[in-house]
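The values are calculated or read from the model by the stated rules, or taken from the named source; none is laboratory data. These numbers were taken from a predicted model, which means no experiment stands behind them. Counting neighbours? That spans all protein chains shown, and the Cβs are built from the backbone with ideal geometry, glycine included. We work out accessible area using only protein heavy atoms, side chains counted, and drop any ligands, DNA or RNA first. Shrake-Rupley method; radii C 1.70, N 1.55, O 1.52, S 1.80 Å.
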Amino acid sequence: MKKFLNKKSTITNSKKFLAICALILLPGALLSGCGSSSDGGNGQVIVYNWGEYIDPETIEMFEEETGIKVVYDEYETNEIMYPKVESGAASYDVVCPSDYMISKMIANDLLAQINFDNIPNAMENIGSQYFDQSKGFDPENKYSVPYCWGTVGILYNKTMVDEPITKWSQLWDEKYADNILMQDSVRDAFMVAEKLNGFSMNTVDPDELETVKNSLIEQKPLVQAYVVDQVRDKMIGGEAAIGVIYSGEAIFTQRENPDLEYVIPEEGTNVWIDSWVILKDAPNKENAEKFIDFMCRPDIALMNFDYITYSTPNMAARDLIEDDDIRNSDIAFPDLSLYNNLETFSYLGEEGDSLYNELWKEVKSN
């Protein structure tokens, strides 16, 4: 399918610097630890997660409270994670894929059913609406526990536009030529043009996708760059007027530049969920459930929210947020009932993936 690139914030501070330094040693630990028990304590759990997508202090707390050693590894994209997991190249227990990838992993029998009796914090603290949303990729809520969620929208600099930006269609306005940043990701880029044209962002209709491709080709001369993490830095620095961005990154950018405004476009957008899953061949399934349960504890979920700035589905953690502006933020916690045409990405199958990839190549090479 597409190269679905990292949507995780990379805030640079001393705390994160130390965390990164500590993680450098982990790949070796992973290789030496696979297939064997931990040296004492209550065993281990092997976790595979997005880069900078957890507060390292929560891992230390889990180890101290449970005696379970956490072996931790990171990936940058769902597409890097999947083949490594599928091949069994490393014996992971817990992974945190995105919605559509969870659907693919279920279809290919890679996931274990979760015993929710062993994860009471999930049932008590995760909002029911997030489990309802998860049914779009985990129809019976058997395989996944929501960890973070958010929207994809438009970030714009109020000093660089002459009107409020409220629609995807404004990203096709010639007056913003060379001031528009698009995501360098086939599904994200296609989603924008699909919503522009009134289509589902999960369409595999060839005629609709041809229309979407042509819309993106039409827009291309106006685009300054197709980027991923750079949209954050460029918007903070005033290098572009408008950018497609994930809501969690929008929160960070507004802290750095108060001239920036985030909006969910009128035509609709993607609402995504990243969730904890346990692999079918997990060597430490019981410890994996203990790890997920710990991450669903309100105080721990709050620490992770503060660290990564991506919205938590943990309602008890949200209640603990002391800053009223953040707790009631329309970016972090929008009332989704106020918006139309919201969807979650679905796995499109191998043929659908191939079709999107071929059309994306045409857009990029045109």
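Quick rundown of the values:
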| quantity | calculated |
| --- | --- |
| Accessible surface of the chain, 1.4 Å probe, proportion on carbon and sulfur as whole % | 47 |
| Backbone HN-Hα couplings from phi across segment 45-59 [Karplus 6.51/-1.76/1.60, Hz, Gly and Pro as x] | 9, 10, 10, 10, 9, 4, x, 6, 10, 7, 7, x, 5, 5, 5 |
| Per-selection metrics, segment 140-226 (Cα): Rg and Dmax in Å | 15.2, 49 |
| Length added when fully stretched, ALA107-VAL204, from 0.36 nm per residue minus Cα-Cα | 33.1 nm |
| Additional length obtainable on full extension of the chain from ASN214 to LYS364, 0.36 nm per residue less Cα span | 52.8 nm |
| Helix 247-256 vs. the chain, principal-axis angle (Cα, 0 to 90°, nearest 10) | 80 |
| Cβ-derived FRET efficiency at R0 51 Å, ASP132 paired with MET160, nearest 0.05 | 0.85 |
| Phi-based couplings in Hz for segment 117-127 (Karplus 6.51, -1.76, 1.60; Gly and Pro marked x) | 5, 8, 10, x, 5, 5, 5, 7, 10, 7, x |
| Tail weight of P(r) past 20 Å, computed on alpha-carbon pairs of segment 162-277, percent | 41 |
| Within segment 247-330, GluC sites (Glu not before Pro) in DSSP loop having at most 10 other beta-carbon neighbours inside 10 Å | GLU322 |
| Within segment 257-339, trypsin sites (Lys or Arg not before Pro) in DSSP loop having at most 16 other beta-carbon neighbours inside 10 Å | LYS280 |
| When each of LYS220/LYS361; LYS69/LYS290; LYS175/LYS220; LYS158/LYS361 is checked by Cα-Cα distance, pairs over 22 Å | LYS158/LYS361 |
| Pairwise label distance in nanometres, ARG327 with ASN118, each label 7 Å out on the Cα-Cβ vector | 3.5 |
| Shape call, segment 301-366: gyration tensor on alpha carbons, a/c limit 1.5 | prolate |
| Helical contribution to [θ] at 222 nm, DSSP H n ≥ 4, -39,500 (n - 2.57), averaged over the chain, rounded to 500 | -12000 deg cm²/dmol |
| Theoretical FRET efficiency, 1/(1+(r/R0)^6), r = Cβ-Cβ of LEU338 and SER87, R0 41 Å, to 0.05 | 0.40 |
| Karplus 3J(HN,Hα) series, Hz, for segment 341-349 with 6.51 cos²θ - 1.76 cosθ + 1.60 (x for Gly, Pro) | 6, 8, 9, 10, 4, 10, 6, 9, x |
| Acute angle (nearest 10 degrees) that the helix 14-23 long axis makes with the longest principal axis of the chain, alpha-carbon atoms | 60 |
| Pairs of Cα atoms farther than 17 Å apart, segment 216-366, % | 74 |
